[in-house]
Amino acid sequence: MNRLLRICGALMLFGAALTPVTPAIAAPAWIPVWQDDFDGEAGSPPDPGKWTAQIGGDGWGNQELEYYTASTRNAALNGEGQLAISALEEQPEGSTCWYGPCRYSSARLTTKDKFAQQYGKIEARMKVPSGKGMWPAFWMMGNDFDTAEWPNCGEIDVMENVASEPDTVYGTLHGPGYFDENGPGGSTRTPDGTPLSAAFHTYGVEWQPNSVSWFIDDTRYLTLTPANIPAGNRWVFDHPFFTLLNLAVGGTWPGSPDSSTAFPQQLLVDYVHVFSAA
């Protein structure tokens, strides 16, 4: 999420007979190691043993407009086996944003200091919002973030979407010397142009030594290896990463909400599953 818009990889359509950026790496058998299916009573907070809510309104490196809270108004189970991350048009009590009084609230959840993994299959089934200015993301950051800092710790963007491209999902890598608009990545579109917000989709990566592959609904659309990293820079995707879910409002990529944006906007998450290779 700490980046500008970048489209540096190949655009690939679902089911299209196109050659990937790099050959697919043979997938191993997968063993479940961590999961959250978001079962529980409506209004319950996300499992505090698995998730921490990050708080603040400093723009998060992207000039985002929301103030992230730990309130169940912004992140709660909906009683239907889903997590609802809700963006609201409001100023949370006591909040201040980088641009003055905050105008929006939302949530950003992380497994940092609770769960991290090196390599494996990481996926989430989600339904993204549709409003202008919404920026949902499912992503990962290196577990050495506190010492190495970003972008040296590495970042794997499993899924990002913006309303200006409603049928398009993006996947990207960020690391030292290749971040923001220079991060290698790619995207794919729905076959018939149907907005991603119209239904739940499964977004994931298969992460192996020297390879990260991106999938939507079990269809691979991108593979990156050290060969895709700009010359002279390091591949930093060989240590544990933690997971994040968030719904940003505004920012350098999606732009600000406008009169067409009906609040609340919601990112619904059916599950997050993590597997290791057998």
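The values are calculated or read from the model by the stated rules, or taken from the named source; none is laboratory data. Only a predicted model underlies this, so the values are computations on that prediction, with no experimental measurement involved. Every residue, glycine among them, receives a Cβ derived from its backbone with ideal geometry; neighbour counts consider all protein chains shown.
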Would you tally the residues in segment 224-248 being within 21 Å of Glu181 (Cβ to Cβ) and either at pLDDT below 95 or not basic (Lys, Arg) (or both)?
16
Could you give me the residue pairs with C-beta distances under 6 Å whose first residue belongs to segment 77-97 and is within 12 Å of Ala107 (Cα to Cα) and at pLDDT 95 or above, whose second residue is part of a loop (DSSP other than H, G, I, E, B) and among the small types (Gly, Ala, Ser) wherever it lies, and which are 6+ apart or on separate chains?
Ile85/Ala107
Tyr203: within 21 Å of Trp30 (Cβ to Cβ) and either touching a helix residue (DSSP H, G or I) at 6+ places or on another chain (Cβ under 9 Å) or not small (Gly, Ala, Ser) (or both), yes or no?
yes
Could you please find all residues in segment 27-41 being in a loop (DSSP other than H, G, I, E, B) and either at positive phi or acidic (Asp, Glu) (or both)?
Asp37, Phe38, Asp39, Gly40, Glu41
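Give the residues of segment 142-165 that are of a type in the set (A, V, I, L, M) and modelled with pLDDT of 95 or more, sorted by residue number.
Taking segment 142-165 as the starting set, the residues that turn out to be of a type in the set (A, V, I, L, M) are 148, 156, 158-159, 162-163.
Hits for segment 142-165 are Ala148, Ile156, Val158, Met159, Val162.
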Considering only segment 166-184, I want to know if a residue exists there that is within 23 Å of Leu77 (Cβ to Cβ), under 16 Å from the mean Cα position of the chain (by Cα) and modelled with pLDDT of 95 or more.
no
Residue hits (segment 85-96; buried (at least 20 other Cβ atoms within 10 Å of the Cβ) and farther than 26 Å from Asp270 by Cα) are Pro92
Sole miss for Val158 among (1) over 28 Å from Asn210 (Cβ atoms); (2) assigned to a strand (DSSP E or B) is condition (1)
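Where in segment 53-102 are there strands (runs of 3 or more DSSP E), lying fully within it, with 1 or more residues that are under 13 Å from Gly250 (Cα atoms)?
Passing ranges, in order: 66-68, 83-89.
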Note on segment 18-46: residues among the polar types (S, T, N, Q) and modelled with pLDDT under 95 are Thr19, Thr22
Given (1) out of contact with any Phe, Trp or Tyr (no Cβ under 7 Å at 6 or more places or on another chain); (2) of a type in the set (Gly, Ala, Ser); (3) modelled with pLDDT of 95 or more, identify the lone condition not met by Gly204.
(1)
